[in-house]
1. Hey, can you tell me all the residues within the range 69-83 that are within 16 Å of the ligand (Cβ to nearest atom) and either outside the structural domain of Leu50 (by TED's automatic domain parsing) or aliphatic (A, V, I, L, M) (or both)?
2. Just the residues that are in contact with a strand residue (DSSP E or B) (Cβ under 7 Å, 6 or more places away or on another chain), surrounded by fewer than 19 Cβ atoms within 10 Å (Cβ to Cβ) and not in a strand (DSSP E or B), please, taken from the range 16-34.
3. Only one of (1) open to solvent by 40 Å² or more (accessible area, probe 1.4 Å); (2) modelled with pLDDT of 90 or more; (3) within 14 Å of the ligand (Cβ to nearest atom) fails for Leu86. Which number is that?
4. Kindly evaluate Leu23 against the criterion of being assigned by TED's automatic domain parsing to the domain that holds Leu69 and either within 16 Å of the ligand (Cβ to nearest atom) or within 18 Å of Ile104 (Cβ to Cβ) (or both).
5. With the requirement that a residue be surrounded by fewer than 17 Cβ atoms within 10 Å (Cβ to Cβ) and acidic (Asp, Glu), what does the range 99-137 give you?
6. In the set Arg212, Arg193, Arg290, Arg295, which member is under 22 Å from the mean Cα position of the chain (by Cα) and farther than 20 Å from Gln150 by Cα?
7. Could you please let me know if Leu96 is surrounded by 14 or more Cβ atoms within 10 Å (Cβ to Cβ), under 31 Å from the mean Cα position of the chain (by Cα) and away from the ligand (no atom under 16 Å from the Cβ)?
Amino acid sequence: MNPPFTVLIVDDEKHNRNLLTELLKVDYRLIVAKNGEQALQRAREHRPDLILLDVLMPEMDGYAVIRALKHDDDTRDIPVIFVTALDSVEDEEKGLDLGAVDYISKPFHPPIVRVRVRNHLQSVQQRRLLEQLALLDSLTGIPNRRRFNQVFEQEWRRCLRTGSPLSLIVVDVDNFKAFNDNFGHAAGDEVLRRIAMSLQKSLRRPADLVCRYGGEEFVILLPGIAMDGAKALAEASRFEIEEQYVDGETSAAPTHVTVSMGGITRVPNQTTPDLALFSEADASLYEAKRLGRNRIVWADAAPGKSPFSQQTHA
Ligand SMILES: [Mg+2]
């Protein structure tokens, strides 16, 4: 079963709040606000899945509330249903123009309120499912590049706020083309799946992320740990992959598969995520390949102060 949805009920009249609460409390987790200010505050704090918003309220009316909600990145995508005694086509049009998904008129007709709320929450659920699928790599089942870019931006900003380091590791399967040529693409796909699994297993904290960035390239993002910790984690997963044997499709002999990695650790110092991190990690990866593969090269701690520091693995 899905976790219960959270619905925020906003109405200045106690009677209406109670009515809606009675109607919906069995099926949903409810949060209640009695004015516009409170509504915005609770929407930001609880991120409800749906908002039932009264139009006529003193001080800040429903139109002002929805404008503010749509203005804020954190609340913009929460669907809003206007609830109102107003009964004119113009008001309805205005509400829908401002981004409301629906309109419920007072006095309430309970079955209709229930059905409309349920329908909108069903589309919320469908949309989330599609979003999730669109953010996963279909071959390996781990996050894809699109997802990575989203998380990279979020974590960049978080580390900027907290002054914490952010590490980026580019992982590339060694001699993958030769492996595919020798053993076939099905075996190659299996290698990618196994490596994806190994990399994912090596991550320890919820904020750590690995994605398939494309082809035989993976990227790991480690926010909030020092460079030494990031290096140790990279080394552990490099080692684990080296230890695995992968059976080739056309060969009885087990074949070693190894990866090379290029890493970089920086403390963000600008608002815009610095994409140079990728090119610097890539340059380190290139260096790891050049030095003989199956190794990790980390970009120097101070930007602009090349060359690389190579991590040894005896
Ligand atoms: Mg009212």
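1. Within the range 69-83, Val80, Ile81, Val83 meet the criteria.
2. Hit for the range 16-34 is Thr21, nothing else.
3. Only one criterion in (1) open to solvent by 40 Å² or more (accessible area, probe 1.4 Å); (2) modelled with pLDDT of 90 or more; (3) within 14 Å of the ligand (Cβ to nearest atom) is unmet by Leu86, namely (2).
4. Yes, satisfied.
5. Residue satisfying the conditions is Glu131 alone.
6. Answer to the selection: Arg193.
7. Answer is no for this residue.
Per-residue answers, yes or no, for (1) crowded, with 19+ Cβ neighbours inside 10 Å; (2) within 20 Å of Arg293 (Cβ to Cβ); (3) touching a residue at least 40 places away in the same chain (Cβ under 8 Å):
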| site | (1), (2), (3) |
| --- | --- |
| Gly188 | yes, yes, no |
| Pro206 | no, no, no |
| Phe218 | yes, yes, yes |
| Pro223 | yes, no, yes |
| Gly229 | no, no, no |
| Glu235 | no, yes, yes |
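The values are calculated or read from the model by the stated rules, or taken from the named source; none is laboratory data. In this text the structure is predicted, and so the values were computed from the model without any measurement. Methodologically, a virtual Cβ is constructed for each residue, glycine included, from the backbone with ideal geometry; neighbour enumeration extends over all protein chains shown. Each accessible area value is taken on the protein alone, full model and side chains, heavy atoms only, with ligands, DNA and RNA left out. Shrake-Rupley method; radii C 1.70, N 1.55, O 1.52, S 1.80 Å.
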